[in-house]
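K.L.:
First the structure, then my questions, so here it is.
The values are calculated or read from the model by the stated rules, or taken from the named source; none is laboratory data. Source: prediction; values computed, not measured. Please note: Cβ atoms are built from the backbone with ideal geometry, for glycine as well, and neighbour counts cover all protein chains shown.
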Amino acid sequence: MREPPLTLGFDDEPEPDDLPESRSRSAKLAAAPSTSIRGFVVRTDGAARGNPGPASAGAVLLSLARPDARNHRAAPDASISDFLGVQTNNVAEYTAVVRAVGLGLELGARRLELLLDSKLIVEQISGRWRVKDPKLRVLWAEALKLLRQLPDGWTAAHVPRAQNSLADAMCNEAIDRAMAGGPASVVRRPAAR
């Protein structure tokens, strides 16, 4: 039996009916060809050199309309490389998801397909695992609040770390850049058409 996620009493926390497995529209859309839906495949990563330590969030977004959207080596349409200061690895991982979903919404996504190497986040946002850490509960609630704004739904799947090398590179780039005195955040968006 699946235990429902913990709640904090926030107005924006998901109700049990909002969990992905109970969203019939998402289930129907999962079977639909994603090239007809405006959205992105999203790969995110978080890093902390030390735990806690200098941390970063990285993400790459690839248009669902691309035939290579699920190729983990494909050049992204958009990316995020953010230095976060001193944080834990799990906070960095969740921050990457929140920022990537926010960017997807900003770019007009109607659907997002998250491919993450953090099994913790996949299981927690899917409602299968509880969120025990208070720092993560806030980020978890924010991620679900943003994901619920997608009219054509979302999916989250765990992938091996090797398939997340581009998002990992965004993380390392952010820490290295910030330590060298560069900007804390670099966001690349698709070129205007």
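K.L.:
Out of A174, A191, A169, A184, I need the residue that is modelled with pLDDT under 95, among the aliphatic types (A, V, I, L, M) and more than 14 Å from the chain's Cα centre (by Cα). Which one?
P.N.:
Every option except A191 fails the conditions.
K.L.:
Is it true that D45 is under 18 Å from the mean Cα position of the chain (by Cα) and closer than 22 Å to E123 by Cβ?
P.N.:
Numbers: under 18 Å from the mean Cα position of the chain (by Cα): yes; closer than 22 Å to E123 by Cβ: yes.
In short, yes.
K.L.:
Which of the residues spanning the range 48-57 are in contact (Cβ under 8 Å) with a residue 40 or more places away in the chain and surrounded by fewer than 24 Cβ atoms within 10 Å (Cβ to Cβ)?
P.N.:
In the first step, residues of the range 48-57 are kept if they are in contact (Cβ under 8 Å) with a residue 40 or more places away in the chain; the result is 48-49, 54-57.
Within the range 48-57, A48, R49, P54 meet the criteria.
K.L.:
Here are some residues: V60, V91. Which one is within 17 Å of R189 (Cβ to Cβ) and surrounded by 16 or more Cβ atoms within 10 Å (Cβ to Cβ)?
P.N.:
Criteria check complete, one pass: V60.
K.L.:
How about the range 144-161: which of its residues are at pLDDT 95 or above and either among the β-branched types (V, I, T) or assigned to a helix (DSSP H, G or I) (or both)?
P.N.:
Within the range 144-161, L144, K145, L146, L147, T155, V159 qualify.
K.L.:
Please find, among A141, A92, the residue that is under 12 Å from T44 (Cβ atoms), touching a residue at least 24 places away in the same chain (Cβ under 8 Å) and not in a strand (DSSP E or B).
P.N.:
Selected residue: A92, the only one of A141, A92 that is under 12 Å from T44 (Cβ atoms), touching a residue at least 24 places away in the same chain (Cβ under 8 Å) and not in a strand (DSSP E or B).
K.L.:
Here is a follow-up. What's the total number of residues in the range 116-138 that are touching a helix residue (DSSP H, G or I) at 6+ places or on another chain (Cβ under 7 Å) and not in a loop (DSSP other than H, G, I, E, B)?
P.N.:
7
K.L.:
Output the residue which, of all residues in the range 34-62 that are among the polar types (S, T, N, Q) and part of a strand (DSSP E or B), is nearest to F83 (Cα to Cα). Spell out the reasoning first.
P.N.:
The initial filter retains those residues of the range 34-62 that are among the polar types (S, T, N, Q), namely 34-36, 44, 51, 56.
Subsequent filtering for residues that are part of a strand (DSSP E or B) retains 44, 56.
Working: T44: 14, S56: 4 Å.
Going through the qualifying residues, I end up with S56.
K.L.:
So K119 passes all but one of these: (1) buried (at least 20 other Cβ atoms within 10 Å of the Cβ); (2) charged (D, E, K, R); (3) without any contact (Cβ under 8 Å) to a residue 40 or more places away in the chain. Which condition number does it fail?
P.N.:
Failed condition: (1).
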